[in-house]
Structures are given as C-alpha cells and as structure tokens.
Amino acid sequence: MTDLRELYQEVILDHNKRPRNYGALTDATHHAVGHNPLCGDRITVHLRVDDGIVTEVKFEGSGCAISTASASLMTEALKGRTLEDARRVFDTFHSLVTGKACPGGAAAELGKLAALSGVCDYPVRVKCATLAWHTFVAATQDKTPKVVSTE
Amino acid sequence: MVPLTTQTAAGQTRPALDPREVRKDFPILATSVRGRPLVYLDNAATTQKPQCVIDALVGYYSSLNANIHRGVHTLSQLATDRYEAVRETVRAFINAESTTEIVFARGATEAINLVASCLAQGRLKVGDEVVITAMEHHSNIVPWQMACAATGAVLRVAPINDAGEVIWDEYVALLNSRTRIVAVTHISNALGTVNPVARMTEAAHAAGALVLVDGAQSAPHLRVDVRALNCDFFVFSGHKVFGPTGIGVLYGRRELLEELPPYQGGGDMISYVTFERTTYNELPYKFEAGTPNIAGTIGLGAALDYVSAVGLDRIAAWETELLDYATVRMSGVDGVRIIGTAGEKASVLSFMLKGVHPHDIGTIMDGEGIAIRTGHHCAQPVMDRFGIPATARASLAFYNTKEEIDCLAEGVRKVFEVFS
C-alpha cells in the first residue's frame, strides 16, 4: 500500500508549485485541449515538431497537483524525443500508473516520471496523471485543435 | 463537560446524544481505511447503516421474501403487511395526513422527476414559469429543465448571496401569476444552507404556485412536518437517512396526486386492463408501477424507526454543536476558506484550501482514513456562483465526534504545510 508520502513526494510538489515549460508557444505545429470533467482539470498542450522530433513543448491550464505535476514532468520527458519514442514512453508511463508495470523496471526508462508510480494505488487519480499525455497524443494526431476528455 | 439534555416531544428530558454510544450501532464505523480508523465525513453523499437496518434487509430475504399485493399465500401476505406498514411509518415520520399521500420511488431524484414529468403532462403550458433557486442539486434542476423544454414553460432562478442564502426580495420578485411551481431544497448539499421553506411556501401559494421541497438533506437532520411546512410535495431518499439505497419517498397532497396523470405504466398501478382501455389504481398505487424495492422499503422502515428512537431533536442538537465546533476548528486552520456561511446551516462544511486543489485534499485525507467528498457535488451552478471549480466537503451525521473533526482539521493543516 503506497504511503501518501510516496504519491505527494518532493518531485510532484515541486513540479506542481513551479511547473516547467508552462505557457503559450508561438510557432506551435500541434496543440490540443484536454479536460477531466470529474475534477475540473483542464490542460492545453502545445508542441513544435520538426522532422518527427519534439523540439518544443509547453502546457497551460489549471488542475490538481497530480495533473499539473504530470504535465510538467511530461514536457521535460518529451523534449528532444521522436514522436515514436514519445509514444513508447507514454505506454510505459501508462502501465506504471495503472499498476501494470513494476516501478523498479520502469524507472530507468522513465526517469523523473517514475515519481508518479504511487498513483496506481489511487485509481481515481489515474486520469489526473494521464490527462496531459492523452492530450499530447491527441495533439499529435492531426494539426487542427482537438479536445479530449477523460470521460 | 456538563451533559446537555433535550426535551422530547412528550416533554420528558432525555440525556444528550452521545455519538460514541450510537456509533456502536453502525458496524462499518469500526473499519479501517489505509491502515487508519475510518473517519466518515461524507454523509451528504450517503449515510452509514445501523445493524437493525442491515438485519431488516437480511431478515426479509431470509424469511419473508415474496412478491407483494394480491398474493394469496402466507409469505406474500406477510411481506405485503410489512411493506405497507412502512408507508404508515413514513407518514408519521413526516406528519403527512394520509398514507395515500406517500409514494415510494427509487430516491429523491426519481420523486422529483415524477412530479416534473406529471406536471409537464397536464399543468405546464407555454409561458408558464418554474422557479428554483441557485443552490439546487442537479436533481432539482434538470427535471425542471426537461419539463420546461417539453412544454415551453420558462425556468426562473432565485439568486443567492455570498453567504449562500436565498435573497428574499429577489425570490419574491420572481413570483407572479404565471408561476406554476416553486422547487426548492430544504438544506443545500453543497453549502449547508437551511432555507426558510415554510415562508417560501407561503409566498409561493400567495402567487398561486405549488411548492416542491427537496428534503434529501433535511430528513436526516431535522424534524420534518409537511403539514406545518404546508408544501405540496416533499421528497427524500432512504440512503441519506440511514436506510438502503434504491428507495425514496414522494409526499404529495392527495388532491394533487389524484389530479396528476400516472408516471410509469405497468403492473400494480392499474385497476383494470384490457387492450381497449385501462383504468388506473387508486392512490398511492397509481404511481407505483412494477414490483417495488420491497427489501429497500422494509429497510427504510427500520431506518426511520431507528432515527425516531434516537430522536430527531437530540440528533439536531448534537449536530448543531458539532457543526459549530467544526466551523470554529476549520476557520482556525491557515489557508481555509469556508464556502457556505448562511446564518442557518446544517451538517455541511464545504471549504477550499489556498493553493491546493480539492482533489489533492481529498486524496490526502483518504490517506489518513478520512472520507470527504471533493468536486462540484452535483451542484455545478453553485460552484459557478462562487467562481470556483470545486470544493472539499465534510458532511456530518449524528455518529460523528469532535475527535473526528480534530482529525479533519489536523489533516487539512498538514496538507497546507506540505503544499506551501
């Protein structure tokens, strides 16, 4: 059973208080809006993709600490990756937060994202942790603004 | 502490309610959550059940289960008697005049839908007005929106002030000769506001309108007398008054229920059926189609008997003391802003914590074994009115203790520290 200290650990609290890559992005090539109607989290993800590589990523919006921290950590994880690579990281991250993957094994690949491994013990909060990623995926699917909902 | 006493209706003095004693009647209150003793503060969402209610449900299925009404065999007769006895229990609980005015439904939501739908079928016309308040639960908004959409009637909303109270003059100003019905909550589930429903009913009647009172949150917390309130309809849910889920009550004045068309068609609500013509059953059966939630009804009866035995006056007295204590404790926690500060409140303490999203509060409280609710509480317009996405809400019942409030306050204080 995850101790709450493991869910709301320093990395999460830090990224919630000082989210990285927060704001609008001029010259974005992709963006999408995601929202979680159950708790009111709302996120916009902006991407700049050059030759299949994520060169710039920013996010805006408001939500709970889990969704904000996850979005912030995501932007750090995405920068410099190919879209294909990014999708793979998402799949691993998703397995981690839904309890399907062993945190130890995933940590190497996920780096700081593994800080969210505690979410798997709080199933109601999984959607908070994955909102930014689902929004990212929606953004990559075409170039027009898209809206995804967790419901 | 000098024990307080309360006067019973019969004028006798009973010792004040001791939550530590009544808790023993509720088996779930002894469980643990995430390794901590359960601190259950989500009573506005649903209440816990005393052993006697659990026993009533088990007892029904173990020794009494049979379909009711018109059965010739013994079990059916016994089940029918037990079921119908609850109708009288409910009548007495809310001081209705007759059991013909007590309709069983799935809950308060279904009861409101019944009234709205039946009114829409006969009484509501284009340009008629339906008045609700800005503090209603979705269940006392959406059925009226649907009725208005179906009939061309117009929905008017009585605004609330920053304390979460109906603004009296603005409410009265909404009432006119086109107002057909006023639907108002007795106690707000999001804000805890106790509305002056008797006064509101008087004003509505003076304008020629009917009144439906949503008693989902009031039935568990204060003595309801539908004749003293003089409302035309009153609804409440069993699971919020220590009974099972899937059962609720619509009280409706007999003359009104006689006039209204039926809600659902089917078995039991009929008198005589041919393919050419069907006649409907008398009240209240006209509004009870199909096999009802027999077990749930019997469980409801046990719950109301239990509550009556504990005594609603004692319950109200303890809860008032507890809510006052909780309000003081929580107001003293850094960063806490209480939402819903009406002069008259019951049970509910909705709050925000500076810089912390309600869902994070809720998860951290859960980690401490504390059950509160976070979100819009099926009252999105209330959230919009206060310009907030959601609140964290603690809602009390008579089995809660001051120690549990201390846990809550301490937990919230820790959350604030961790996040700042």
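For the range B:345-420, the pair-distance distribution built from all alpha carbon pairs, in bins 5 Å wide starting at 0, is 3, 15, 27, 26, 17, 11, 2 percent.
Taking θ as phi - 60° and the Karplus parameters 6.51, -1.76 and 1.60, the scalar couplings of the range A:14-25 work out to 5, 5, 6, 6, 10, x, 7, 6, 8, x, 7, 10 Hz in sequence order, x denoting glycine and proline. Can you classify the range B:199-326 as rounded, prolate or oblate using the Cα gyration tensor, where a ≥ b ≥ c are the square roots of its eigenvalues, rounded means a/c under 1.5, and otherwise it's prolate if a/b beats b/c and oblate if not? Verdict is oblate for the range B:199-326. From the alpha carbon centroid of the range B:38-65 to that of the range B:129-203 is 33 Å.
3J(HN,Hα) along the range B:158-165: 6, x, 10, 8, 5, 8, x, 10 Hz, from the Karplus curve 6.51 cos²θ - 1.76 cosθ + 1.60 with θ = phi - 60°, whole Hz, x for Gly and Pro. When A:Lys17, A:Lys127 are sorted by how many other C-beta atoms sit within 10 angstrom of their C-beta, beginning with the fewest, the order is A:Lys17, A:Lys127. Checking the Cα-Cα distances for B:Lys49/B:Lys402; A:Lys17/B:Lys414; B:Lys354/B:Lys402; A:Lys79/A:Lys146; A:Lys100/A:Lys146 against a 26 Å cut-off, the pairs over it are A:Lys100/A:Lys146.
Bridges between two residues of chain B, per DSSP, are antiparallel at a rate of about 65%.
Near B:Thr133, the amide H atoms lying under 5 Å from its own belong to B:Ala158, B:Thr185; only residues 5 or more places off or on other chains count, and H is placed 1.01 Å from N.
Remark: the Cα gyration tensor places the range B:1-160 in the oblate category, a/c being 1.5 or greater and a/b not exceeding b/c. Roughly how far apart, in whole Å, are the Cα centres of the range A:39-94 and the range B:275-348? Here the two parts' Cα centres lie 45 Å apart. Fewest neighbouring Cβ atoms within 10 Å first, the residues B:Phe26, B:Phe287 line up as B:Phe26, B:Phe287.
Taking the DSSP bridge list for the protein assembly as shown and keeping only pairs wholly inside it, about 65 percent are antiparallel. Residues in the range B:168-185 carry Karplus couplings, in order, of 3, 4, 6, 5, 4, 5, 6, 7, 8, 5, 8, 6, 9, 8, 10, 10, 9, 7 Hz; the curve used is 6.51 cos²θ - 1.76 cosθ + 1.60 with θ = phi - 60°, and Gly or Pro positions show x. Taken about its Cα centre, the protein assembly as shown carries a charge dipole of about 420 debye when Lys and Arg each add +1 at the Cβ and Asp and Glu each add -1 at the Cβ.
Sorted fewest first by neighbouring Cβ atoms within 10 angstrom, A:Cys64, B:Cys118 come out as B:Cys118, A:Cys64. Just the Cα atoms of chain A, one point each, no solvent: what log10 I(q)/I(0) does Debye give at q = 0.18 Å⁻¹? Treating every Cα as an identical point scatterer, log10 I(q)/I(0) equals -1.01. Straight-distance candidates among the aspartates and glutamates for linking to B:Lys240, with alpha-carbon spacing under 17 Å and chain neighbours fewer than 8 residues away dropped: B:Asp25, B:Asp42, B:Glu110, B:Glu136, B:Asp214, B:Asp305, B:Glu319.
Bear in mind that the values in this text are calculations on the coordinates, not laboratory data. Note that the structure is a prediction, hence the values are computed from the model and not measured. Note that we place each Cβ from the backbone using ideal geometry, even for glycine, and neighbour counts take in every protein chain shown.
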